Amino acid sequence: MSKPLRFIPFNRFCPVGTEFELVQQAIDGMHVSGDGKFTQLCHQLLEQLLGVPKVLLTTSCTDALEMAALLNDLRPGDEVIVPSYTFVSTANAFAIRGAKPVFADVRPDTLNLNEKLLDPLITPRTRLLVVVHYAGVGCEMDSIMSIAGRHGISVIEDNAHGLFGKYKGRFLGTFGSLATQSFHETKNFTCGEGGALLVNAKRFVDRAEILRDKGTNRKRFFRGEVDKYTWVDVGSSFLPSDILAAFLYAQLQARDSIQEARKRIWNYYWQHLWDWAAENGVTLPTIPDHCEHPAHMFYMLLPSLEARARLLAELKAKGILCVFHYQPLHLSDMGREFGGRPGDCPVAEQAGDRLVRLPFFNDLNETDQNRVIEAIRTLTF
């Protein structure tokens with residue numbers, strides 16, 4: 001009897017080896033709540049690398065987006081433009097403040113928000129424009145910032161996929177007044193669950209610290225700026241444990257080796273699938289020449305929903321887990337509550353039906369990657 005093939009997961013947590021040492025240091029230091037030594041180290045490292053005025057770790061990218069909504073004082077009746085092809089948090093963070101998400105379609109090449117469709121969506125009630133750098137490939141930020149500036153609205157970057165990606169040589173997450181990061185288990189750098197708010201507009205720095213710390217001015221107290229701290233604004237507890245920050249710091253310290261491994265995996269998929277894709281009507285990711293992506297994921301757009309279902313089933317039967325991604329928000333139950341209708345965002349709808357993500361994690365070895373590639377290449381459409 002032949003031995004069954006080892007299962008290849010879609011994603012797997014990949015420690016770099018120093019996480020547990022730093023976690024132990026955090027425990028030994030007897031400060032495991034928020035804003036301890038390792039939280040500060042993460043802040044300093046990201047601020048230095050990205051060149052942003054302030055970085056604040058949060059418990060998730062969702063929390064960072066909710067902080068962005070609070071900082072912009074959204075009110076019922078305000079409108080926030082978001083791409084339809086994104087995770088629910090991109091819209092939900094603003095909806096819970098009473099704002100109406102206005103869904104924009106995405107580009108057929110990068111699946112990023114289509115800047116050419118923005119002007120008709122902007123009304124006197126539009127307060128914010130939220131962009132998502134899908135798969136870590138930069139949106140067309142020159143055009144987007146120009147449009148936003150012309151209409152007097154702020155831009156927020158949901159950069160959950162794109163840490164260390166660049167647009168025209170500039171880091172993603174440094175264009176909008178605020179940006180958010182994710183350190184979820186599926187991201188390039190992880191602490192299991194975590195995120196960060198990048199504060200690019202200095203006018204938000206002081207209040208961001210207050211909102212993040214339950215609406216108190218405790219940070220000013222710790223800096224000796226006031227003799228006691230008190231409740232001064234709305235807010236919540238957005239601080240992660242310093243244990244998680246220690247874990248994350250180990251991952252960020254290993255950023256060069258992590259990125260090298262992921263780029264090698266991404267390039268290997270491309271090199272061994274492009275000819276098969278061309279012959280079978282399958283689209284591989286588009287990376288514009290002016291963008292540098294961080295190899296967050298490798299996806300394919302299959303010719304049809306039926307083709308995708310067949311690929312997923314046949315690879316699963318061979319012990320390989322591939323997955324699809326977002327379902328368009330404008331077609332969701334909540335999206336329809338906000339006025340979404342079929343046909344509003346046709347490119348997002350096609351991506352929802354046709355996109356498949358291949359196994360991708362930092363220590364995916366060439367043997368297993370070849371298994372994935374060979375299984376795909378046996379299929380024709």
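Read-outs: derived from the displayed coordinates by stated rules, not from any lab. The structure presented is a predicted model; accordingly, all values stated were derived computationally and were not measured. Counting neighbours? That spans all protein chains shown, and the Cβs are built from the backbone with ideal geometry, glycine included.
Compared with the direct C-alpha span, the chain from Glu314 to Arg220 gains 28.0 nm at full extension, assuming 0.36 nm per residue. If you take the square roots of the eigenvalues of the alpha-carbon gyration tensor of region 110-213 and sort them as a ≥ b ≥ c, do you get rounded (a/c under 1.5), prolate (a/b over b/c) or oblate? Note, shape of region 110-213 comes out oblate. Calculated [222 nm] ellipticity per residue, helices only, for the chain: -11500 deg cm²/dmol; basis is -39500 (n - 2.57) per DSSP H run with n ≥ 4, divided by all residues, nearest 500.
Just name one of Gly215, Gln40, Val23: the one whose Cα is farthest towards the positive end of the charge dipole of the chain (beta-carbon charges, Lys/Arg +1, Asp/Glu -1). Selected residue: Gly215. Basic side chains Lys and Arg get +1 at the Cβ, acidic Asp and Glu get -1 at the Cβ, and with that the dipole of region 299-370 about its Cα centre reaches some 160 debye. Could you tell me which of rounded, prolate or oblate describes region 163-219, using a ≥ b ≥ c as the square roots of the eigenvalues of the alpha-carbon gyration tensor, with rounded for a/c under 1.5 and, failing that, prolate when a/b is larger than b/c and oblate otherwise? Oblate.
What the Cβ-Cβ distance of Thr380 and Leu121 gives, at R0 = 41 Å and to the nearest 0.05, is a FRET efficiency of 0.55. Here the dipole of region 195-322 is about 480 debye; that uses its Cα centre as origin and unit charges on the Cβ of Lys and Arg (positive) and Asp and Glu (negative).
Past 20 Å, Cα to Cα: identify those pairs from Lys187/Lys219; Lys166/Lys187; Lys166/Lys263; Lys37/Lys219; Lys37/Lys187, in the order given. Table pairs above 20 Å Cα-Cα are Lys187/Lys219; Lys37/Lys187. For region 207-273, which trypsin sites (Lys or Arg not before Pro) are in a loop by DSSP, counting at most 11 other Cβ atoms within 10 Å? Those satisfying the criteria are Arg223, Lys228. Here the simple spin-label model places points 7 Å from the Cα toward Cβ, and for Leu45 and Arg6 these points are separated by 2.8 nm.
Of the GluC sites (Glu not before Pro) in region 42-126, not one is in a loop by DSSP (not H, G, I, E or B) with at most 12 other beta carbons within 10 Å. Taking 0.36 nm per residue of separation and subtracting the Cα-Cα distance, full extension of the segment from Ala278 to Asp333 would add 16.2 nm. Our estimate of slack between Asp289 and Ser143, defined as 0.36 nm per intervening residue step minus the Cα-Cα distance, is 50.9 nm. A viscosity of 1.306 mPa s and a temperature of 10 °C, combined with the Kirkwood radius over Cα pairs in Stokes-Einstein, give a translational diffusion coefficient for the chain of 73 µm²/s.
If I fit a long axis through the Cα atoms of helix 61-71 and take the longest principal axis of the Cα atoms of the chain, what angle between them do I get, 0 to 90°, rounded to 10? Long axis of 61-71 versus the principal axis of the chain: about 40 degrees.
Peptides 335-346, 188-199 ranked from most to least packed by the mean count of surrounding Cβ atoms within 10 Å: 188-199, 335-346. Among Thr110, Thr283, the order by Cβ neighbours within 10 angstrom, fewest to most, reads Thr283, Thr110. Nearest 10 degrees, 0 to 90: what angle lies between the long axis of helix 305-317 and the longest principal axis of the chain (Cα atoms)? Value to nearest ten degrees: 80. The antiparallel fraction among DSSP beta bridges confined to the chain stands at about 55%.
For Cα pairs less than 8 Å apart in space and 6+ apart in sequence, what is the mean separation divided by the residue count of the chain, i.e. the relative contact order in percent? Reported as a whole number, the value is 22 percent. Shown is the FRET efficiency for Asp206 and Val88, computed with R0 = 22 Å from the Cβ-Cβ distance and rounded to the nearest 0.05: 0.15. The residue list Met297, Trp270, Leu358 was ranked by how far each Cα lies along the charge dipole of region 255-377 toward its positive end, using unit charges on Cβ atoms, and Leu358 comes out on top.
Dipole magnitude for the chain: computed about the Cα centre from +1 point charges on Lys and Arg Cβ and -1 point charges on Asp and Glu Cβ, it is near 180 debye.
For the chain, take the longest principal axis of its alpha carbons; what is the angle in degrees between that and the long axis of helix 366-377, to the nearest 10 within 0 to 90? Approximately 60 degrees, to the nearest ten. Of the residues Ser33, Ser236, the one with the fewest other Cβ atoms within 10 Å heads the list, and the complete ranking is Ser33, Ser236.
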